[in-house]
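Taking it in order: structure first as C-alpha cells, then the write-up.
What follows is calculated from the coordinates using simple rules that are stated; it is not laboratory data. Just so we're clear, the structure is a prediction, and the values are computed from it rather than from any experiment. Ideal geometry is used to build each Cβ from the backbone, glycine not excepted, and the neighbour counts take in all protein chains shown.
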Amino acid sequence: MSADQQIRDFIVGELQFQGKPEDLTDDYPLLENEVIDSMGIFQIVSFLESDLGVEVDDDELVPDNFATIKSIVGLIAAKK
Amino acid sequence: MNDLLHQLLENSTARTPDHAAIVDGDRSLTYRELDQAANRVANTLIGAGVNRGDRVGVFAQKGIETVVSLYGAMKAGAAYVPIDPASPPVRAAYIVENCGIRHLVTSAKLANAWGELSAAGATTIIAHDADEATAAPHGADLLDAGDINASSDKSPDVAVIDEDLAVMLYTSGSTGQPKGVMLSHRNVMTFVKWAVEEYGITADDKLTQMAPLHFDLSTFDLYGAAFAGATVHMVPRRAIMFPMEIRNLIENNDITVMYAVPSILTMMVDHAKMTVGDLPSLKTILFAGEVFPTKYLSRLMHLVPHVAFANLYGPTETNVCTAYRVPAPPDEDAPPASIGKAIANVDTFVVTDEGTLAEPGTPGELFVRGGSVMKGYWGDAERTARTRIPNPFGGELDDPVYKTGDLVIEEPDGNYTFLGRRDAQIKSRGYRIELGEIETAINAHISVVECAVIAIPDDKITNRIKAVVSAAEDLTRPSLMQFIAERIPKYMIPGEFDIRTETLPKTSTGKIDRKSLESSELEEK
C-alpha cells in the first residue's frame, strides 16, 4: 500500500475523520479543519514511526509538515 | 469603575488608547480599535433585538473578531456563550437550544453548521467574514461585515450590574448532556482582580491566550490583560499542538506571562528542544486544569530558572479559587504541587463525610464561598441545588457555597493537597470529562448492550480513556467511533476500545464492576 493510502486509512480509522472518505483528498486541510488536533498529532507521529519507519524530529513537528496528506507524504519522502 | 468585564476594556482604552490590546499573527488592534470594534458589534446586536440578559452564542475559531464579539455581547448587556467550533453540530445545537440563544456571532467558515444551529433557535446570524454573496440558512437573518461596519462605534452604555451574567461555559455533564455554568461579571472579576495583583501584571506585559474560549482559563488572559492594559497574543489552535510553534511564538513576541494546561507544558519539555535559560522574556508560567506531573514540572523549572511558577486550582463553577506558588523545582519523584490556599475574597474549607469541618490533616471535600462562586447551572435548578448549597456553617448569613466534589487535605502550612474526585469526573489533557457523558453516547448505539468507560492514569496526560463495551457481534470499533464522534467532542472519544460479546463483570448489587475493570487494566501495565 502506498504511503498516502496508509495515512488516509489511519486518518479515517483512528482520527475519526467526519466527512465522506472521498473528500479526504491529498490537499484536504487537516489542521485547519481539526482533523488532526492536539491528540491526533502525537497519534500520527507515533503511527509514522511504528508503521512507516519514519522518525520525526522535533524540528519537523511543525504545521507545514502536517497541513495536508500531501505535506505528510512530502515529509516522509524527504527523510528517505 | 471596575465592576464589569467590558469596563476593563473601556478603562484601558481611556488610559492608553494607542497601546496594543490584541495580537493575532500579523494582525493587531490597539485598545481604541478593539473598543470601537466591540461597540460596533454591540450596536449590531442591539439593532438585531438583543436585550439585557440575553445569551449571545459565539461560534467561531478564536481570533481577533471572536474576542471583539465577546466584548460586543457584554456591551449589549448580554452574556456570551462560547461554543466550541470543533464540537459535533448536535452538541452545538443542544447548547443553542438549552439556553435559548437567538443571536449567534460566527464565521462564514462554519456556515455548514448554521442550518442546524438556526433550527435550534439561533435565528439571527452575525458573521464578520460574511458578505452579500453568503447565503443565510433557511428562516434566519444574516448580518454581514457591511452591517457591522455600518453600526455606530460608540458605546451603547447598556445598564448592567456585576451580578448580571457575563459568560456561560458549558462543561461535560454526567447525564450525557453538557451543562451551562452561569458566571456573572463579579464571578470572573473576583479572579481577574486577584490574579493581576498577585502576579504583578502591568501594561508592559504580553500574555499568551492559549486556552479555548469555552474553557475558563481564557478569562485570565483576556480580562487580566484588559485590566492591566497589557497585550494579549492569540495562540492559534493549530499552533497549540506544535511545541516548537509555541516556543517560537513566545520568543518572537517577547511573551512575559503564559497560562496553560500542564499537558502543553509537558509537551514543550519533551519536544521544544529547550536548553537552560531559553524563553528569556518569560517571567511567569501559570498552570491549571490538571495535575502537573512532578517530573516534568521539575524539568521545566530547571530549564527556565528565571520564571516564577504557580499552580491555580478551581472548577469552572468557582473559576480559580486557590493558588500555590511553586517555590523551587521539586524533586522529580516528589508528590504533585500543592493547590495552595484560597485567593483574595474567596473562602474555602474542608468538610468531612459526617458534615463537620475537617481539622488540618483530615481529608474531606473542599467547599468554596465568595465572589467567584457561580450563579448556578442554566435551566437546571435541581442540579444547581445539589452542589451550590446554603453555607452549612453560615449562621444568619445566607451565602451560597459550592461543593467542589474534590477531596483535599489541609497540610500543616495551610496549603491544600488535592487527593482526587468523589465522583466519575476525570481530567485528560486538561479537559474536564464526565465518564457518564461518554457512556451515554456509547449506550445510544443500537448494538451496544452495556458499557463502562474507565480512566487509566497516565504520567503525561493525567488519564487515558478506555471504553469496555459489551455488544452484538456486528459492532466494529470504527463504526462505534464514528457514531460517538457525532455526539461528543473529540477530546472525550476513548483512545482504546475493548469490544466484547460477553457481558461485563458485575458487583454483588448488580452494577458494572468498574473497580475490577480498572484493576485488570493496571495489572496489564
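Brief remarks on what is shown
- Over the range B:25-128: Kirkwood hydrodynamic radius from C-alpha pairwise inverse distances, Å: 13.5 Å
- Here the average projected area of the convex hull drawn through the C-alpha atoms of the range B:190-341 stands at 8.0 nm².
- Cα-based Kirkwood hydrodynamic radius, the range B:357-469, one decimal, Å: 16.7 Å
- Each of B:Asn248 and B:Glu359 was given a label point 7 Å from its Cα along the Cα-to-Cβ line. The distance between the two points is 5.8 nm.
- Sorted into 5 angstrom bins from 0, the C-alpha pair distances of the range B:162-225 split as 4, 16, 22, 23, 17, 10, 5, 2, 1, 0 percent.
- Percent RCO, i.e. relative contact order, over the range B:190-341, from Cα pairs under 8 Å lying at least 6 residues apart: 19 percent
- Dividing the helix sum by the residues of chain B, where each DSSP H run of 4 or more adds -39500 (n - 2.57), gives a mean residue ellipticity at 222 nm of -8000 deg cm²/dmol.
- Prolate/oblate/rounded call for chain B, Cα gyration tensor, a/c under 1.5 rounded: rounded
- Pairwise Cα distances in the range B:197-258 exceed 18 Å for 32 percent of all pairs.
- Loop-resident sites, the range B:122-230, for trypsin sites (Lys or Arg not before Pro), counting at most 13 other Cβ within 10 Å (DSSP): B:Lys154
- Linear extension gain, B:Thr501 paired with B:Arg383, 0.36 nm per residue minus alpha-carbon span: 38.9 nm
- Full extension of the chain between B:Ala150 and B:Glu97 gives 16.1 nm of extra length, using 0.36 nm per residue less the Cα-Cα distance.
- Here the relative contact order of chain B, from alpha carbon pairs under 8 Å that lie six or more residues apart, stands at 11 percent.
- For the range B:342-387: rounded, prolate or oblate by the Cα gyration tensor [a/c cutoff 1.5]: oblate
- Reachable lysines, given that their alpha-carbon falls under 26 Å from the alpha-carbon of B:Lys206 and they are not under 8 places away in the same chain: B:Lys62, B:Lys75, B:Lys193, B:Lys273, B:Lys283
- Sites matching GluC sites (Glu not before Pro) across the range B:112-187 that sit in DSSP coil, with at most 14 neighbouring C-beta atoms within 10 Å: B:Glu132, B:Glu163
- When Rg and Dmax are taken over the Cα atoms of chain A, they come to 11.4, 33 Å.
- What the Cα atoms of the range B:5-185 give is an Rg and a Dmax of 15.6, 48 Å.
- Translational diffusion of the range B:150-268, µm² s⁻¹ [Kirkwood Rh, Cα pairs; Stokes-Einstein; 20 °C; 1.002 mPa s]: 133 µm²/s
- Its Cα gyration tensor gives the range B:80-190 an equivalent ellipsoid. The semi-axes, each the square root of 5 times an eigenvalue, are 25, 22, 10 Å from largest down.
- Chain A: angle of helix A:40-51 to the longest principal axis, Cα-based, in degrees nearest 10: 60 degrees
- Spherically averaged projected area in nm², based on the convex hull that wraps the Cα atoms of the range B:346-419: 5.4 nm²
- Where the alpha-carbon atoms of the range B:18-64 are placed on the principal axes, they occupy 33, 23, 15 Å, in descending order.
- Within the range B:429-524, the percentage of alpha carbon pairs spaced more than 23 angstrom apart rounds to 22%.
- Computed extension gain for A:Ala77 through A:Asp27, at 0.36 nm per residue and net of the alpha carbon distance, reaches 16.3 nm.
- GluC sites (Glu not before Pro) lying in DSSP loop within the range B:392-434, provided at most 11 other Cβ fall within 10 Å: B:Glu396
- Alpha-carbon gyration tensor eigenvalues x 5, square-rooted, for the protein assembly as shown, Å: 34, 31, 27
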